[in-house]
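J.: Mind having a look at this structure? Questions to follow.
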Amino acid sequence: MDELKFLTAGMPLRTDKKRGYENALEILDEMNLDGIEVEFVQGVRMSDKSRQVVKDASKKYTFTAHGPFFINLNAREQEKIDASITRIIDTATVANEFGGYSITYHAAFYLGNDKDVVFKRVADRTAQIIEILEKDNNKIWIRPETTGKATQWGDIDEIIKLSKEFKQVLPCVDFSHLHARSGGAFNTYDEFCGILENIATNLGDEAINNFHAHLAGIAYTAKGEKNHLPLEDSDMNYKDLLKAIKKFGVKGVVVCESPNIEDDCKLIKDYYNSL
């Protein structure tokens, strides 16, 4: 991608639900925002009309997609593994049809298993997903997301390691999740630069030039993420994060997941542009 885009996680809250994406795009235009992460959190469902509206709009706006929450590539039951693979493929298929840039999802839970064992299972099942997408000539970026609790697979090193194994896989870096997962770390300029340096060193310029990030205010405990908050109501150091992103010349998308999605999305875009 040739620049950094700022997206809302789902349609802006002030969207008229009857008009759906048509009205959502008008709001993006009014607020000078760049696109939407389509939220398939309860299932991959999108009407033909909505799909066409988004596809037509993809010439001007950038779209990504978030897979359903009911994904666990380390599930104990084979039927849950199969269903998880299907949900990721369905997300990638629909997103590719409407001209999406990439998809993201929470890949797995540890369920008490050794981290190396879980990594191998996630990698094996990711290989199955990539094989199916390749047969369909679907080249959309597949991005496991860094997660907000220590019980969830997906710290930054695990995501980078997986991305090194597959050409079509790159990270979705949820900076708020990293902050919450660590109990309050990953919140200084130097730490943000360290994350970006880690990605650049291990995955190269391609990863920096095709980035996918999430950002929100976040509440957390010693066990990790509790819930999202407006940025100004949290300790998330978004200004230094954006300074680090600017320093590294990151291109791609930053998706705002705050409860006041469009207002915080504009906040971070305006601040970034002021740097």
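J.: Within 10 Å of each candidate Cβ there may be at most 14 other Cβ atoms; applying that plus a DSSP loop requirement, which GluC sites (Glu not before Pro) in the stretch 68-121 survive? List each step's numbers first, then the result.
T.: Values: sites: E77, E79, E97; in loops: E77.
Listed in order of number, the matching sites are E77.
J.: With loop defined by DSSP as not H, G, I, E or B, and exposure as at most 15 other Cβ atoms within 10 Å, which is the longest segment of the chain clear of exposed trypsin sites (Lys or Arg not before Pro)? Kindly include the intermediate steps, with their values, before the conclusion.
T.: Details: sites that count: R14, K17, K18, R19, R45, K59, K60, R76, K139, K167, K223.
In the chain, the maximal stretch lacking such sites is 77-138.
J.: Could you report the accessible area of D114 in Å², rounded to 10, computed with a 1.4 Å probe on the protein chains as they sit in the structure?
T.: 90 Å²
J.: Considering the chain as a Gaussian network with a 10 Å cut-off on Cα pairs, which listed residue, D56, D116, D29, attains the greatest mean-square fluctuation?
T.: D116
The values are calculated or read from the model by the stated rules, or taken from the named source; none is laboratory data. Nothing here was measured: the structure is a model prediction, and the numbers come from that model. Cβ sites come from the backbone with ideal geometry, for glycine too, and all protein chains shown count toward neighbours. Surface accessibility is based on the protein's heavy atoms, side chains included, excluding ligands, DNA and RNA. Shrake-Rupley method; radii C 1.70, N 1.55, O 1.52, S 1.80 Å.
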